[in-house]
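Q: Got a structure for you, written out below as C-alpha cells; questions coming shortly.
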C-alpha cells in the first residue's frame, strides 16, 4: 500500500479515512505534515458532529409523536372532506365519456348527411366514366399537343 500520494506527497483521502478509524498505517507522515493533520482534524470534527446528531435521534419526544398522531386522526375523521369520498370522480369521468361519444356521434351524422347530398347515381357515374374513356388525351396534355399540330 502506498504511504502517500504520488502527485502531492500527501496522504490520499482513503488513507486519512483509514487513519480516522484507526485502521491506517503507523506512519510518521502526520507528525511531519501539517496539511494532512489539518485535513484529518477536519474529518474528525465532521465525524463528531454526525455522531452527536445521531445520538439526538435516540431521544424521541413522545409528546410530539402523540400530537402528530392526533392531528392525523383528526384529518381522517374531518367531516368537511366527506364529499370527496362520494363517487364524484366516477360520475365526472362518466359524464366526460358521454360528452365525447355524443360529439363523435354528431360529427359522424354530419359527415353522413354531407355524403348523402353529394351522392351521384349509378347512371351518372357510368356517363362520367364513358366520357373520360372517350377523351384519349389527358387534360393537361391537350394544350401541349396543340403546339405541335
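Per-residue answers, yes or no, for (1) at pLDDT below 85; (2) under 30 Å from residue 12 (Cβ atoms); (3) over 42 Å from the mean Cα position of the chain (by Cα); (4) not in a helix (DSSP H, G or I):
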position: 44; (1), (2), (3), (4): no, yes, no, no
position: 75; (1), (2), (3), (4): yes, no, no, no
position: 84; (1), (2), (3), (4): yes, no, no, no
position: 105; (1), (2), (3), (4): no, no, no, no
position: 115; (1), (2), (3), (4): yes, no, yes, no
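Q: Follow-up. Could you tell me which of the residues 25, 16 is modelled with pLDDT of 85 or more and in contact with a helix residue (DSSP H, G or I) (Cβ under 9 Å, 6 or more places away or on another chain)?
A: From the options 25, 16, the qualifying one is 16.
The values are calculated or read from the model by the stated rules, or taken from the named source; none is laboratory data. Owing to the predicted nature of the structure, the values given are computational and were not obtained by experimental measurement. So basically every Cβ, Gly included, is an ideal-geometry build from the backbone, and we count neighbours across all protein chains shown.
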